[in-house]
Amino acid sequence: MPTKESHTSHPHLPPDRNTAGSGGNAPVLEQMLADHYLKILAEAPVLIWRANTSAECDWFNDSWLSFTGRTMEQEYGNGWAEGVHTEDLQRCVDIWLGAFKKRESFEMEYRLRRHDGEFRWIMDIGRPFKAVDGSFAGYIGYCFDITDRKEAEMALVLARESAEAANRAKSDFLANMSHEIRTPMNSIMGMSQLLAFTDLTPEQKEYVEGIMGSSEGLLAIINDILDLSKVEAGKIDLELHNFSIRRSINDVIKSQMSSVLGKGLFLRPEVAEDVPDTLVGDQLRLKQVLFNIVGNAVKFTNEGGVTVSVSLQEERGEVAVLKISVTDSGIGITPDAIERIFSPFGQEDSSTTRKYGGTGLGLSISSKLIELMGGRIWAESLKNAGSSFHLVIPFRRSDERPDLLAPARSGMTPLWEGEKLHILLADDQETSRNIMSRLLERFGHTLETAADGEEVLRKWREQRFDVILMDVEMPTMNGNEAMRQIREMEAPSGNRTAVIALTAHALKDQQEMFLKLGYDGYVAKPVEIASLLQELKRCLQLPAVHLEAPPDATASTAVSIDIAKLTDILSSVVPLLKQRNMGVLDTVNDLPHAGPQLPLLSQLNLQIRQFDCAGALQTVQRLCEELNIQIDLRL
């Protein structure tokens, strides 16, 4: 290591480099060039050092010495390392010696003590250099203060960690909310399915189908609200199927009629005649958006009513661009709040939230869904003068006509063919146990029930079951622990009882987790009986479940329709609808008898009850087309 005595009199020049590349005194020209460049580098604004072939520093410029507050003699050799932070020193030494050994460039970051005692982050860039004769002569290094950058990086790390913690908290919240909301939904949908199995009048069947349709729509909305991160990340996949735009509009309107009639409002559809009825798109997502917008319109309207209009804005070959407008006579929105309502949790103001309720998520989700469909959404409104929400969405036309005579989905009865099962049903909710037991017993299965994991284990030891339907959240011993112990006890014999998770934990990552834990299948609550039966078949490797329409719903429809009577009724209905004559209400009692189990006729009956004359006329036209009825619709 160079000593103080060997240092030259000039503060910027190094001592005589006896350890330089060639081993002897440097040639005079080389020494003069070195001295010249060192004088220049001594005044450079960045920190610069030089090291000899033995990896010992033999020179530092003025910026380095000013920064550290130390003398050249103190920094010589390995003296500079005294200022490196103890947490960074070993890493720096390893990089330093490794580079010298391979004689290659290096970069490293470390904290260096400044003259005032503060540690600053330094970016140190070392490069090997050669003597005049081409031999390795040592290293030259350039250092930059990167403290501001490092602090910014650390702030970003902290922000990311905070965001990740918030995201985990949100995920936990959503998981818990999913469970809590789905539990009562399971009872609603379960009771509705049980009711659908009983003997009902045509009017009662219509109400049950309305409950089931609204429940399915509500469940779909809950799924997206609870999985908001999926919406925010744009990870929703659209399902493209043929659907009827008119039937979709009517389904949405039907779901709101209770609120509409309770407030004394009107709610009517206005679908232009040139709008194609059969389109290709995601009917569920479209209805989700309309449920939200129409629901808001009804909620914020106290007098007058709401109109849902559909028009054909543009045709692009096979693509039909529809404009759907929902116009109300409600409280309206101030101009400065129009854009804010499409933001997450956006409300016009906090008083709106208190008075009318709601999370403010609906319009944000709707906006993202419409964008995903390739459309756009906007609002027009004046305070206390009503609002209009407009959707412009492209749909592909379909050559296939929707089956208007087919029964609704809720009217389809699942069939169980083959051996009846002995099932152990575990659920801590007595209502859930009763509903599921009654539903499964209707297909000939026998059931034992358990209220917790310990009771599951006891009954499983006492008798053989084909399958266990296991709730996850149960007191005393939860479903996961009971399933784990069953698997451990089964291991020696090689036998395996099929265990299906029957739970309100329904987020995608939770489904995957349950399957990894050892469950054979998974069914989310609220339980749809057809889905449960299908999962039972899959787990037990049995033939798939088939759906069968009620015997009088499709096959006998054509036979049961009194065409002559229906023609007379429709002929009398048309002029009354054209004149908006209240006398049309007298025909509602005659319509069901002309064509029992005919959904389109039930739709007409409902429209007349609601005095939706425009919608009823459209339905009359479709009935005439489907049943080949000849009447004068121009009356």
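The values are calculated or read from the model by the stated rules, or taken from the named source; none is laboratory data. Quick caveat: nothing in here was measured; it's all calculated off a predicted structure. Don't worry about glycine lacking a Cβ; one is built from the backbone with ideal geometry, like all the others, and counts go over all protein chains shown. With ligands, DNA and RNA removed, areas are computed over all heavy atoms of the protein, side chains included. Shrake-Rupley method; radii C 1.70, N 1.55, O 1.52, S 1.80 Å.
Quick notes on this one:
- Any helices (runs of 4 or more DSSP H) falling wholly within the stretch 35-147 and containing at least 3 residues that are open to solvent by less than 70 Å² (accessible area, probe 1.4 Å) and touching a helix residue (DSSP H, G or I) at 6+ places or on another chain (Cβ under 7 Å): 62-68
- Per the conditions (1) among the charged types (D, E, K, R); (2) modelled with pLDDT under 85; (3) under 16 Å from Leu195 (Cβ atoms), the sole criterion not satisfied by Glu400 is (3).
- First in the stretch 57-83 and within 21 Å of Glu109 (Cβ to Cβ) and at pLDDT 90 or above, second anywhere and open to solvent by 10 Å² or more (accessible area, probe 1.4 Å) and among the aromatic types (Phe, Trp, Tyr), Cβ under 6 Å, 6 or more apart: Cys57/Trp80
- Filtered residues of the stretch 148-170 (kept if open to solvent by less than 50 Å² (accessible area, probe 1.4 Å) and either touching a residue at least 40 places away in the same chain (Cβ under 8 Å) or of a type in the set (S, T, N, Q) (or both)): Lys150
- Of the numbered criteria (1) at pLDDT 75 or above; (2) more than 30 Å from Asp471 (Cα to Cα); (3) not hydrophobic (A, V, I, L, M, F, W, C), the one Thr198 fails is (2).
- Residues satisfying the stated conditions in the stretch 290-304, i.e. modelled with pLDDT under 90 and under 17 Å from Val392 (Cα atoms): Phe291, Asn292
- Within the stretch 176-200, residues that are in contact (Cβ under 8 Å) with a residue 40 or more places away in the chain and surrounded by 15 or more Cβ atoms within 10 Å (Cβ to Cβ) sit with their Cβ atoms under 7 Å from residues that are in a helix (DSSP H, G or I) and of a type in the set (D, E, K, R), at 6+ positions apart or across chains, in these pairs: Leu194/Arg438.
- Looking only at the stretch 446-458, residues that are out of contact with any Phe, Trp or Tyr (no Cβ under 8 Å at 6 or more places or on another chain) and either under 27 Å from Thr198 (Cβ atoms) or of a type outside the set (A, V, I, L, M, F, W, C) (or both) come to 8 in all.
- Pairs meeting the criteria (first residue in the stretch 458-481 and closer than 17 Å to Tyr522 by Cβ, second residue open to solvent by 60 Å² or more (accessible area, probe 1.4 Å) and in a helix (DSSP H, G or I), beta carbons under 8 Å, at least 6 apart or on different chains) are Asn480/Leu517.
- Within the stretch 526-541, if we keep just the residues that are in a helix (DSSP H, G or I) and of a type in the set (S, T, N, Q), the residue that is surrounded by the fewest Cβ atoms within 10 Å (Cβ to Cβ) turns out to be Ser531.
- Filtered by the rule that a residue be modelled with pLDDT under 80, assigned to a helix (DSSP H, G or I) and either within 17 Å of Glu209 (Cα to Cα) or among the aliphatic types (A, V, I, L, M) (or both), the stretch 227-246 gives Leu228, Val231.
- Qualifying residue in the stretch 353-367 (condition: modelled with pLDDT of 65 or more and among the aromatic types (Phe, Trp, Tyr)): no
- Residue within the stretch 553-571 that is among the charged types (D, E, K, R), at pLDDT below 75 and buried (at least 16 other Cβ atoms within 10 Å of the Cβ) present: no
- Of all positions in the stretch 201-213, at least one carries a residue that is aliphatic (A, V, I, L, M), within 35 Å of the chain's Cα centre (by Cα) and open to solvent by 60 Å² or more (accessible area, probe 1.4 Å).
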